[in-house]
Structures are given as C-alpha cells and as structure tokens.
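Okay, structure first, notes after.
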Amino acid sequence: MSVIEAPRSQARPARKRGVNLEKWGWIYMRASGVVLLVLIFGHLFVNLLVGEGVKAIDFGFVGGKWADPFWQWWDVLMLWLALIHGANGMRTIVNDYTNPGTTQKLLKGSLLVAAVVLIVLGTLVVFTFDPCPAGSPADLLPSFCPAV
Amino acid sequence: MPENPAGTLTAPAKPAKQKPGGTLYRGREGMWSWVLHRITGVAIFFFLLVHILDTALVRVSPEAYNAVIGTYQTPIMGLGEVALVGAIVFHAFNGLRIILVDLWAWATRHQKLLFYIVIALWVVTMLGFAPRHLMNVFSH
C-alpha cells in the first residue's frame, strides 16, 4: 500500500544557510497580492466600468492611456507583480502534483521561460509604444496624433 | 457467569460516524476555499498569458490590435469576462482571508466565518460589476 505523505512534507531538506527562498516566496505572494488587488481592481474599473466599458477599448484608448507615464507604470508594475505571482503559484501547484524528476523540471522550466519572455515583451511594449505610427489611418489613432 | 466475558465485547450498535478516509481532503469551508483559490488562480494565470500577448499587438499595428480586441467585445466573450472578473474578485478577497488567517490568531479561529464574509463580499462586488458590464456588452 502506498502511503500519502503529509501535506507539508518536504521533497528535500531545507537549506540550512543563506537566504530562505521559500520564506521570501511566501512573503512575496502576500505582499504582491495586496498590491495587485489595488492595481487590478483599478485596471478593471477604468477599462470595464467607466464610460462604454469594454466597447470603448481600441488602439486609440490604449494610446491615450499610455501617453500618461502614470498608466505606463501602473501597467508595468501590474505586469511584473502578476506574472511573478502567477508563475510562483503555478510552481506551488507543480510541486504538489508531480514528483521530483524530469517532468517536474520541464514544467517549472516552462513556467520560468513563459514568465521571463512575457515580462520582457510586455515591458518593451509599454515603453517603446508609438501611439501615432506613421501611415496608419487617422481614425484609428488617438485624437492627439498630428494630422498628416 | 460474567455478564460480558472477555473476548465477546459487543460492538457498538452503530459504528461512530467516520470522517472520509483515504484522502487528504477534509471537505467544508477550509477545503473549498483552497480548491476555489487554486482553480481561479490557474484560470487567471492562463488568461494573463493571453492578455499580455493580445496587448502586445499594439506594437504591430492599430488594425491588428483592433481586430483582436474586437473579439473581446462579443456577447460570448462578455459573459466570459463576467466569469474572469468573478474569478479575480474571489481570488483577491480569499487572498486577504489567507493573509488574515496566517497572521492573526482570531482569524485562524474564525476562518469559516471569514469564508462566508468572502462569499458575501464577492456577491456584493459582482452585483456592482455584472449588470453594468453586461449592459455595455449587450447594448451595441
């Protein structure tokens, strides 16, 4: 008969010296969670409840928001905190439902790659975004773009 | 002759009601809040992956972004957004419950009550969100 280990049993002994990464991960989930509650509720309120809500979202809407550094930093902070929070939560789930080995390494590696790639991509998009790309029809662009 | 000779102990008339055996899952509020926290967390994670990619299309062209974001404005996706916001709101409030249970002895003792408070706050928040959002989605 196979025995189910107690829920908190460790796959390997905790490190005795240096930084306790699992403790800092635990703290990160709580600290980032509280900040994310504010950032995401604000994001949902501004994008879905103000005015026409989801119907008003288009290129011009995003261009108008990211013309303001306040919303650029709001979105970038949300991106970093949420992806690390989400990837770390998925890591917990992988730890719970897989045994140490190749599959577990592959799953955790995929989570790490997805998080890093999307954080870099998202940060570049927010800070290199051009709200008035040349050659685009003016009716698709924010109203502040100079008429060509 | 003794009333109850050794070796013939009578079994209780009814076996004591047992907790479910062979499983780590104990049921009740604590387990269900944990299950819902996991399911909503995974769902939000996969939406986040897609949402970063669709937003990144602003860097491709206005036409590409508008074409994809337009699919978020259909009635079916509008209902999906209610489900997504419902998942986020539960995960957010239950996350606060977890923090309280971890850090505050009173909350640890009253985690069941806190679960029902989370549900109540979820209902109130969704009553504020869903009608307004669905009016936006279903009025052209």
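The values are calculated or read from the model by the stated rules, or taken from the named source; none is laboratory data. Everything numeric in this text was worked out from a predicted model, so none of it was measured. Heads up, the Cβs are rebuilt from the backbone with ideal geometry, glycines too, and the neighbour counts pull from every protein chain shown.
Numbers at a glance
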quantity: Condition met for residue B:102 (over 26 Å from residue A:117 (Cβ atoms), in a helix (DSSP H, G or I), within 11 Å of another protein chain (Cβ to nearest Cβ) and of a type in the set (D, E, K, R)); calculated: yes
quantity: Only listed residue being at pLDDT below 90 and among the charged types (D, E, K, R), chosen from A:30, A:8, A:91; calculated: A:8
quantity: Selection within the range A:102-137 - farther than 16 Å from residue B:51 by Cα, surrounded by fewer than 13 Cβ atoms within 10 Å (Cβ to Cβ) and either hydrophobic (A, V, I, L, M, F, W, C) or more than 11 Å from chain B (Cβ to nearest Cβ) (or both); calculated: A:102, A:103, A:105, A:106, A:109, A:112, A:113, A:127, A:134
quantity: Matching helices (runs of 4 or more DSSP H) fully within the range A:47-148 where at least 1 residues are more than 19 Å from the chain's Cα centre (by Cα), of a type in the set (Gly, Ala, Ser) and at negative phi; calculated: A:59-66
quantity: Residue in the range A:23-38 that is out of contact with any Lys or Arg (no Cβ under 9 Å at 6 or more places or on another chain), within 12 Å of chain B (Cβ to nearest Cβ), under 29 Å from residue B:77 (Cα atoms) and small (Gly, Ala, Ser) present; calculated: yes
quantity: Flag if residue B:59 is at pLDDT 95 or above and either touching a Ser or Thr at 6+ places or on another chain (Cβ under 8 Å) or within 11 Å of chain A (Cβ to nearest Cβ) (or both); calculated: no
quantity: Pairs with Cβ under 9 Å, 6+ apart, first in the range A:30-56 and of a type in the set (A, V, I, L, M, F, W, C), second surrounded by 14 or more Cβ atoms within 10 Å (Cβ to Cβ) and not in a helix (DSSP H, G or I); calculated: A:48/A:57
quantity: Filter result for residue A:144 (of a type in the set (Phe, Trp, Tyr) and within 11 Å of chain B (Cβ to nearest Cβ)); calculated: no
quantity: So residue B:86, is it part of a helix (DSSP H, G or I) and either modelled with pLDDT of 95 or more or not hydroxyl-bearing (Ser, Thr, Tyr) (or both); calculated: yes
quantity: Failed condition for residue A:41, given (1) facing another protein chain (nearest Cβ under 8 Å); (2) more than 22 Å from residue B:129 (Cβ to Cβ); calculated: (2)
quantity: Residue pairs meeting the criteria (Cβ under 8 Å; at least 6 apart or on separate chains; first in contact (Cβ under 8 Å) with a residue 60 or more places away in the chain, in the range B:101-112; second exposed (fewer than 14 other Cβ atoms within 10 Å of the Cβ)); calculated: B:111/B:30; B:112/B:28; B:112/B:30
quantity: In the range B:43-85, the residues that are surrounded by fewer than 17 Cβ atoms within 10 Å (Cβ to Cβ) and of a type in the set (Gly, Ala, Ser); calculated: B:43, B:61, B:64, B:67, B:70, B:80, B:83
quantity: Test: residue in the range A:45-53 that is within 11 Å of chain B (Cβ to nearest Cβ), crowded, with 18+ Cβ neighbours inside 10 Å and either under 20 Å from residue B:66 (Cβ atoms) or among the basic types (Lys, Arg) (or both); calculated: yes
quantity: Flag for residue A:57 being buried (at least 18 other Cβ atoms within 10 Å of the Cβ), facing another protein chain (nearest Cβ under 9 Å), β-branched (Val, Ile, Thr) and closer than 30 Å to residue B:128 by Cβ; calculated: yes
